[in-house]
Amino acid sequence: MTQVDLAAPLLEWYARQARQLPWRDHPDPYAVWVSEIMLQQTRVETVQPYFANWMAQFPDIESLAKADLQQVLSAWQGLGYYSRARNLHRAAQIVVEKWGGKLPPDPHALRSLPGVGRYTAAAIASIAFGLDEATLDGNIQRVFSRLFNFTEVARSPAAEKRLWQLVSAHLPPGKASQYNQALMDLGALICTPRAPACDICPLAHVCQARALGVQEQRPIQKIKPPIPHYLVTAAVIQQAGKVLITQRPQDGLLGGMWEFPGGKQGAGEDLAQCLQREICEELGAEIAVHTQLGIYRHAYTHFRVTLHAFHCTLLPGAQPRPLQVADLLWVDLGELQNYPMGKIDRLIAADLQPPASHRPPVQASLPIPTQVFPC
């Protein structure tokens, strides 16, 4: 396959069918950067309202760099993978410090920023600055795995090296922005993971996998191990009209976000014992466990959780302190919306608000006897 018989029909198709997206043709490279970070492992439909809200709150790199991290996390709330928001915030501060608030066009300089890898640096360099840099995201990887009938596991080092070589070899000089975005759109709209629309694909005539009838078996995926499932507890501790929330450490899952304290059930523990131990370890306080508020389920990238939330009270003399959490606060129920939270904790917060939650009652939320365990 030559460069011409791939790039030419692809760009012709893109000229007619390109998606209208708010970050395309934006005059500020910052907008391209934000969109590329948001689009990592997140669908375009989900990203668009977040992008609009983000650009309204942080219209340029300087405003993002000056913002409080909690404000940044609040703007990202619900989008998931919160390290992306923290990295964007820190990277904006670096850009202000090193380059006067102007995003550098050099891919090597871009890759020095937190959260910017090879793909993202090339996407920004090509789309925002017009440099001849090919890139390889999940959509493009799937397209080229089918075009060249890759029989290696697509995400293996050898396969990725070869795919990078192929996308670079077929890049038409001076048209990297259109080329990369055309491949992204082709993968999103036509060359989809399941049931690709080969009959309307502009590259169907040169697709080796289609010629063999194996397009739906490409790319070859590594067999994934079973997804772990964890039982987790959370304590809703109220006193004097306020509820206790804790802040997660900055590093790790949901770093810097606020939650109702608790943790993962250990071997041999019932849920109340788990919650008692977790509050002792995190806050150095003893609690009484009362009725169950609800059961909440959520799937993360590499594991699933079922969380049981309980109404709890502090035992006389107990004084929570941040032992294994970044911070703790007593807040009014009406103020919970002001603190960035993950999906499950936001649902708990909603269930604490009058009137009753918009969600149907949890069928299994039966009362349990008050249980007290020494800290």
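The values are calculated or read from the model by the stated rules, or taken from the named source; none is laboratory data. Please read these numbers as outputs of a predicted model, since none were measured by experiment. Glycine gets a Cβ as well: all are built from the backbone with ideal geometry, and neighbour counts include every protein chain shown.
Numerical summary
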{"quantity": "Near pairs, Cβ below 6 angstrom, 6+ apart or cross-chain, from region 116-140 (closer than 19 Å to residue 22 by Cβ) to any residue that is of a type in the set (S, T, N, Q) and surrounded by 23 or more Cβ atoms within 10 Å (Cβ to Cβ)", "calculated": "123/135; 126/180"}
{"quantity": "Meets criteria (in a loop (DSSP other than H, G, I, E, B) and within 13 Å of the chain's Cα centre (by Cα)) for residue 41", "calculated": "yes"}
{"quantity": "Hits in region 321-339 (condition: in a helix (DSSP H, G or I) and among the charged types (D, E, K, R))", "calculated": "335"}
{"quantity": "Some residue of region 120-128 being at negative phi and surrounded by fewer than 21 Cβ atoms within 10 Å (Cβ to Cβ)", "calculated": "no"}
{"quantity": "Selected residue (criterion: farthest from the chain's Cα centre (by Cα)) from residues of region 221-265 that are assigned to a loop (DSSP other than H, G, I, E, B) and basic (Lys, Arg)", "calculated": "222"}
{"quantity": "Within region 240-265, considering residues that are at pLDDT below 95 and farther than 30 Å from residue 89 by Cα, the one surrounded by the fewest Cβ atoms within 10 Å (Cβ to Cβ)", "calculated": "240"}
{"quantity": "The lone exception for residue 177 - which of (1) at pLDDT 95 or above; (2) outside any loop (DSSP other than H, G, I, E, B); (3) more than 18 Å from residue 12 (Cβ to Cβ); (4) in contact with a helix residue (DSSP H, G or I) (Cβ under 9 Å, 6 or more places away or on another chain) it fails", "calculated": "(3)"}
{"quantity": "Test set (1) in contact with a helix residue (DSSP H, G or I) (Cβ under 8 Å, 6 or more places away or on another chain); (2) among the hydrophobic types (A, V, I, L, M, F, W, C); (3) surrounded by fewer than 17 Cβ atoms within 10 Å (Cβ to Cβ); (4) within 26 Å of residue 117 (Cα to Cα) - residue 195 fails condition number", "calculated": "(4)"}
{"quantity": "Per-region count, region 1-14, residues assigned to a helix (DSSP H, G or I) and either modelled with pLDDT under 90 or over 20 Å from residue 144 (Cα atoms) (or both)", "calculated": "2"}
{"quantity": "Boolean, residue 18 is outside the structural domain of residue 259 (by TED's automatic domain parsing), of a type in the set (Gly, Ala, Ser) and without any contact (Cβ under 8 Å) to a residue 60 or more places away in the chain", "calculated": "no"}
{"quantity": "Residues within region 204-220 that are farther than 21 Å from residue 160 by Cα and part of a loop (DSSP other than H, G, I, E, B), tallied", "calculated": "1"}
{"quantity": "Within region 80-119, considering residues that are crowded, with 21+ Cβ neighbours inside 10 Å and more than 22 Å from residue 27 (Cβ to Cβ), the one nearest to the chain's Cα centre (by Cα)", "calculated": "82"}
{"quantity": "Any chance residue 203 is within 16 Å of residue 221 (Cα to Cα) and either basic (Lys, Arg) or in contact with a Leu (Cβ under 9 Å, 6 or more places away or on another chain) (or both)", "calculated": "no"}
